[in-house]
Structures are given as structure tokens and as C-alpha cells.
Amino acid sequence: MCGIAGCFQPGGLRADEARSTAIAMAETLEHRGPDDSGVWLDAEAGIALAFRRLSIIDLTLAGHQPMESATGRYVVVFNGEIYNFPDLRHDLMARGVVFRGRSDTEVLLAAIEAWGVGETLVKSNGMFAFALWDREQRHLILARDRAGEKPLYYGWMGRSLLFGSELKALRAHPSFRAQIDRHALTEFLRYGYVPDPMSIYVGVKKLMPGTYLTIEHPSSDMAPTPYWSLRAVAEAGVAEPFRGTAREAIDNLEVLLKEAVKMRMEADVPLGAFLSGGVDSTTIVSLMQAQSSTPVRTFTIGFSDEQHSEARHATAVARHLGTIHTEATLTPAEAMAVIPRLPHLYDEPFADTSQIPTFLVSELAKRHVTVSLSGDAGDELFGGYRRHRLGPSIWRAISWIPKPLRAAAAVALLAGTGPPGHVMAALNRVTRQITGKRSFSERLGQSAEMVTAESPAALYDYMMSLWKHPTRLVRGAYENTQPSADGRPLPHVGKVPEHVMMYLDSATYLPGDILVKLDRASMGVSLESRIPLLDHRVIEFAWRLPLTMKLNHGTSKWLLRQVLYRYVPQQLVDRPKQGFHMPVTDWLRGPLRDWAESLLDENRLRSENILEPGPIRQKWREHLSGESRWDYRLWTVLMFQSWQEASIQATLATAAA
């Protein structure tokens with residue numbers, strides 16, 4: 001696990017300046033790779049590659065990067081792991097390839113020389129982002145793993161193509177211009193994260209998962225080439241579902257998961273796992289312990305407020321499995337102390353409040369191990385979120401109503417008059433299920449908007465939206481209305497709303513929120529996190545499963561649970577989903593009130609000329625009064641404001657230096 005960065009300037013670079021700039025870019029990523037660093041430069045060709053290393057496999061100098069291929073044609077900086085590199089290495093040795101070390105990076109280069117970039121990516125099972133320079137063709141190739149576990153930003157700034165694992169590396173280049181993308185900002189305020197392929201800056205993108213990009217010159221086609229497609233996987237899985245028995249499905253999933261876990265236990269450094277005591281993390285730890293000759297190390301963060309703590313459940317699971325368990329109980333003050341670090345950790349606005357405990361459990365694990373496995377992605381793949389049941393239920397409650405009648409009902413609701421009784425009954429069910437503690441007018445407004453949803457995708461988008469109309473908050477902004485990871489139409493996954501919602505979660509929320517949260521939190525303390533459930537074979541099998549093997553008579557993640565019950569008693573893990581949530585509602589009315597007030601000050605907002613103060617101040621007043629709960633919406637604004645403040649301070653510090 002590492003940090004990569006670099007610059008490509010066709011026409012050439014000044015060697016001394018380029019080297020010092022590349023070093024500066026890499027130094028911003030020291031937390032991602034504290035063990036080693038390196039720079040490779042071809043000034044005449046205009047390419048500079050920079051690297052920071054966190055040593056995981058082959059701790060010797062044979063794993064040093066940037067690394068050249070055996071023939072000298074290719075040079076790479078590589079972040080991540082190729083888990084099946086021993087198999088690839090065996091195949092390459094059969095072709096006569098001789099290796100000088102044991103690293104997966106060397107295997108990657110040999111594979112590219114033997115098979116080319118596209119075929120190598122298809123053959124590789126891993127999480128990664130890399131930049132590859134082809135000295136023969138004089139072009140740069142950027143690539144990212146299938147699920148988007150590892151980040152990669154890129155963009156032209158003048159005549160220079162900048163790229164890096166985090167935005168801070170790009171900001172260290174003298175050509176970088178930090179102009180906020182107001183379209184991306186509206187998306188952030190809606191979802192709490194900046195969706196791929198956008199970044200918060202104009203001219204900078206994230207490389208989409210499962211693609212690679214070839215860059216020859218500034219006018220070259222910048223369209224990434226897909227080598228794996230979640231869209232194609234979803235369509236194929238729904239079209240050709242698994243037709244075996246439930247027992248066969250359980251057996252197949254267990255075999256896939258055991259192999260995925262075993263591959264991710266390969267390391268030359270201490271290894272452990274996060275354990276919340278929920279279904280997903282308990283499944284991963286159970287399969288780890290079943291394949292380990294020694295007790296697995298597990299880590300849990302507990303909170304003094306039992307309402308927000310799963311620690312006792314994790315402890316019970318650890319005791320049953322016989323792991324070496326480490327738990328830390330934190331006070332609210334310790335959790336809130338992380339907040340000033342968030343802008344630097346996440347590098348662009350990010351507002352999932354579970355970012356705090358994710359960082360804290362990573363910090364705890366790093367005291368004992370260098371690699372930690374995680375149970376993330378089980379909800380997206382196997383139907384674990386409440387919205388996978390609630391959303392389809394709402395859709396079926398309203399979709400039978402003719403569109404003109406739904407539109408009329410919405411108008412009637414907003415006008416304060418009642419729609420027809422049978423329509424009102426459906427709306428009442430919707431309102432009770434989703435609006436929660438809101439003012440009467442707010443409940444009417446949300447019901448009116450939901451009843452006009454034209455598709456399950458539109459309903460999903462509404463349910464996932466924090467600010468329902470974020471363009472009203474951002475001056476000079478517009479917004480994409482297509483709820484898709486890349487703006488294209490949704491895949492053909494039938495008319496089943498559960499499939500639509502699980503696809504959108506996997507295509508948007510997973511890479512944009514969950515994987516960003518885990519990567520930045522863990523790498524912020526130089527800890528490598530690995531996610532067995534994102535093995536592409538597991539993803540492909542999950543999409544072949546009939547819906548009843550995911551959501552079965554109200555039981556979520558049914559098939560995954562059946563695998564888990566072979567290792568852990570059902571009563572240890574069967575309980576309502578809790579998650580990593582922070583009591584931000586009360587914090588904003590108490591210990592964080594002054595901090596929030598300064599960031600939401602009306603005069604400050606007006607002078608910055610980015611956000612409209614009116615709707616923000618209104619929600620702030622309602623939240624403080626207890627009239628409504630707006631912590632999630634307000635947190636997005638606070639995270640943007642604190643990020644912007646930190647960015648300005650960093651710019652001023654750089655200028656002063």
C-alpha cells in the first residue's frame with residue numbers, strides 16, 4: 001500500500017525543477033507510505049513519477065519503486081495489492097520470466113510485458129491504482145481496480161497532466177489552480193460526498209473504477225477504457241441467475257469467501273481485522289480464524305454512550321472465535337478531537353459522520369498491525385440497508401397510482417388540501433416510513449416530492465439526498481439529474497426495484513462514500529485495509545443470486561448469514577443493524593455549537609459568495625430550537641466550510657514559505 005503521484009508534460013521538463021516538484025508531491029503522501037520513497041524522471045520525454053511506500057510484501061529493496069520492467073520499456077508507480085500475484089508469477093515463470101524479488105509490482109510489470117495492459121488488468125485480482133510510463137510509445141497509462149478501492153486523481157493544469165493518490169499531491173505542483181467546481185459542490189451537498197468521476201476542483205477528475213486511461217498529449221482522447229463493468233455484471237447476473245438449491249448457493253458462497261479472505265491474509269507484516277460484531281465483519285473474521293493457525297487480532301472501538309456502541313457484541317464474537325481482541329472505549333471529547341483533522345485526512349469535502357470512528361478504529365489497529373481486513377460491501381452486495389426494503393415498499397405503494405393523479409396529489413398536498421382517500425392512505429404509509437421527526441410542512445413537502453418519483457432510481461436518489469435541492473444553496477450552480485455513477489442510463493436489471501437500488505449503491509455510494517472513508521481513515525495512520533467482499537468473483541456471484549437469497553421474508557443478507565451461521569451461533573449476530581454513527585445531533589446543540597456558528601455565520605457566508613446563507617441559517621435555527629433535526633444536512637455544510645478554511649490556510653502557508 002502506497003501513495004503515488006507525478007506529472008506528464010509533453011515537450012519536456014527542466015530536470016532539477018521537475019525532480020524537486022515530484023519530491024514535494026510525494027511528501028504530501030508520506031502518511032500513505034512512511035517506509036520508503038523514490039522518484040523516476042525522463043526530462044526529455046516530460047515524465048516524472050513519484051512514490052511513497054508502505055512495505056507489506058517483499059520488504060527488501062527488490063520492492064523499491066518507481067520500478068522498471070526487466071526490458072526497461074515500462075516504469076511504474078503502483079499503489080495497492082494484486083492478491084493473485086503468486087498465480088500470475090507461476091504462469092510467467094512457465095514462459096521463461098526470471099524474477100529478482102517477490103513483489104507483486106514486479107509481477108505486474110512482467111505481466112504487462114507478456115500480455116499487455118488490458119489483458120493483465122483482466123487477469124489481476126486486487127485493489128490498486130497505478131501510473132505506467134511506456135518508454136517506447138512515450139505515453140502514460142493510469143489504471144484503477146474494479147471496485148474503486150484505491151483512489152486516483154488526474155487532470156490537465158496548463159500543459160501539465162498531474163496525477164496522484166490524493167488531491168494534496170496535485171496541489172503541491174506549481175501549475176495547480178484550486179478553483180472550486182460548483183457543480184461538484186451541489187453533488188456533495190446532496191450526497192455528502194463528491195461522486196466519481198468528479199472532484200471538488202475544476203479540471204480534476206477521479207479515474208472511474210474498472211478502467212484505464214492512456215494519455216499521449218493534451219489533445220488526446222481522455223476517455224477511459226473499461227476492462228470490467230459493474231453494469232455488465234449486473235445485467236448478466238439478472239439475465240442468467242443462479243439456479244441451484246439454497247444449500248448449493250451457501251456452499252458456493254462459502255468457498256468464494258474463504259478463498260477471497262485467504263488471499264487477503266498474505267502479508268510479510270502483522271495482520272488483523274476490524275470487528276464490529278455485525279454480520280459482515282464477523283463473517284470475515286470467522287473465515288480468517290478458520291484458516292489461521294494462530295489467533296487473529298481483532299479491533300473494536302466502543303463508546304461510553306451505549307446507544308452508539310457495538311463493542312459488547314464484538315467482544316462476545318471475539319470470545320467465541322478465540323481472537324486476540326483489542327477494544328478502546330472513547331469519550332465524546334476524544335471523538336470530537338478528530339474533527340479538526342478531517343479536512344486534511346479526507347482532502348476534499350466529505351460528510352459521512354462515521355468517518356470519525358473509522359479513523360479511530362484504524363488508529364487503534366495501527367498500534368498492533370500494519371494490515372487490517374474489513375467487512376465493508378456486504379450491505380451493497382447482499383441487500384443489507386434499510387432502504388433496500390423500504391424503498392421498494394414505498395415504490396410499490398405509489399407506482400400503481402396513475403402519474404396524473406400522483407401529480408395532482410402532490411399539488412393538493414402542497415396546497416394544504418387532501419388528495420383522494422386511497423391515494424392519501426398510500427402517502428401516509430410513505431410519510432410515516434421516511435420523514436421522521438420533521439415539521440408538518442416539511443413532511444407534506446417530502447411526501448409531495450416522493451409521490452411524483454418516476455422510477456425506483458429517482459426514488460433512491462431522493463432517499464439518498466441530504467439537501468433535496470442543493471442548487472438553491474450554491475450560487476451559480478447546476479446539477480446532473482441522472483442517478484448513475486457516470487451519467488449514463490441505468491443498466492437493464494429488470495423491473496425489480498431492489499435490484500435498481502442495490503446497483504446504485506454499488507455504483508455510486510460504495511466507491512464515493514464507503515471506500516473513500518475507509519481508504520483515507522486507514523491510510524491516514526499508515527494502515528492498509530483490505531476488503532474480501534469486493535473480490536470481483538464474489539461481486540459477480542452476488543449479482544447472480546435470486547432476490548430471495550438476499551432479502552428473504554424480511555431478513556436482509558440472508559445468504560451471507562447462512563454462511564456465517566456455520567461458524568458463529570445465530571444469536572450472537574442476529575440483531576438490528578446499528579452502524580458507526582455519531583451523536584452529531586446533540587453535539588451541534590452543545591459542545592460543537594460555537595464551532596458550527598462560526599462556520600455558518602451569515603456575514604461569512606455572504607462574503608465568501610459560494611453558499612446562500614438563507615436556507616442554511618433557517619435549518620440551523622430549526623435544529624438549535626429542537627423543532628427539527630437537520631444534523632446530516634448541516635454536517636455537509638460544516639465539512640465544506642471547514643475544508644475550505646483549511647485549504648485557504650494551506651495555500652497561505654505555502655505562499656509564505
Using modelled backbone amide H atoms (1.01 Å from N, in-plane), which distant-in-sequence or interchain residues come within less than 5 Å of ASN552's amide H?
TRP558
Cβ-based net charge around GLY33, under 11 Å, with every Lys or Arg adding one and every Asp or Glu removing one
-2
Where labels lie 7 Å past Cα in the beta-carbon direction, separation of ALA24 and ALA62 in nm
3.7 nm
Give, to the nearest whole percent, the P(r) tail of the chain beyond 31 angstrom, counting all Cα pairs.
54 percent
Could you work out the percent of alpha carbon pairs in the range 2-227 separated by over 26 Å, rounded to a whole number?
32 percent
Which far-off residues, 5 or more places away or on another chain, put their amide H under 5 Å from the one on LEU373, with H placed in the peptide plane?
GLY272, ALA273, PHE274, ARG530
In sequence order, calculated HN-Hα J values of the range 371-376 (Karplus, 6.51, -1.76, 1.60; Hz; x Gly/Pro)
10, 9, 7, 10, x, 4
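Which value results when the Cα radius of gyration for the range 281-417 is divided by 2.2 N^0.38 Å? Walk me through the numbers before you get to the answer.
On the way: Rg = 21.6 Å, N = 137, 2.2 N^0.38 = 14.3 Å.
Compared with the compact-globule rule of thumb, the range 281-417 sits at 1.51.
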Rounded to the nearest 10 degrees, what's the angle between the helix 440-451 long axis and the longest principal axis of the chain, both from Cα atoms, 0 to 90?
60 degrees
Can you work out ³J(HN,Hα) from phi for every residue in the range 357-369, in order, using Karplus 6.51 cos²θ - 1.76 cosθ + 1.60 and θ = phi - 60°, giving whole Hz and x for Gly and Pro?
x, 5, 5, 5, 6, 5, 4, 5, 5, 4, 5, 10, 9
List the residues, sorted by chain then number, that are 5 or more residues from HIS325 or on another chain and whose placed amide H is less than 5 Å from its amide H.
THR298
What do you get when you divide the Cα radius of gyration of the range 584-656 by 2.2 N^0.38 Å, with N the number of residues?
1.18
Restrict the search to the range 526-579; then list the trypsin sites (Lys or Arg not before Pro) that DSSP places in a loop and that have at most 14 other Cβ atoms within 10 Å of their Cβ.
ARG566, LYS577
Scan the chain and report its longest stretch carrying no GluC sites (Glu not before Pro) that are both in a DSSP loop and have at most 11 other Cβ atoms within 10 Å.
137-453
Of the listed pairs LYS468/LYS495; LYS206/LYS550; LYS258/LYS557; LYS366/LYS550, those with alpha carbons more than 28 Å apart are LYS206/LYS550; LYS366/LYS550
Pop out the ³J(HN,Hα) list for the range 129-136 in order, Karplus 6.51 cos²θ - 1.76 cosθ + 1.60 with θ = phi - 60°, rounded to Hz; leave Gly and Pro as x.
9, 8, 10, 10, 9, 9, 5, 6
Along the dipole axis of the range 2-227 (charges at Cβ: +1 for Lys and Arg, -1 for Asp and Glu; origin at the Cα centre), the most positive-end residue among VAL39, ALA5, VAL202 is VAL202
Just to confirm my numbers, what's the Cα centroid distance between the range 331-374 and the range 130-157 in Å?
28 Å
Compute the distance in nm between two label points, each set 7 Å from the Cα along the Cα-to-Cβ direction, one at LEU390 and one at ALA114.
5.0 nm
Ellipticity estimate at 222 nm from DSSP helix runs (n ≥ 4, -39,500 (n - 2.57)) divided over the chain, nearest 500
-13000 deg cm²/dmol
So what's the gap between the Cα centers of the range 205-249 and the range 10-28, to the nearest angstrom?
34 Å
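Here, each number is a calculation from the coordinates, and none is a lab measurement. Just so you know, these numbers come straight off a predicted model, no measurement behind them. Here Cβ is always computed from backbone atoms with ideal geometry, including for glycine, and neighbour counts include all displayed protein chains.
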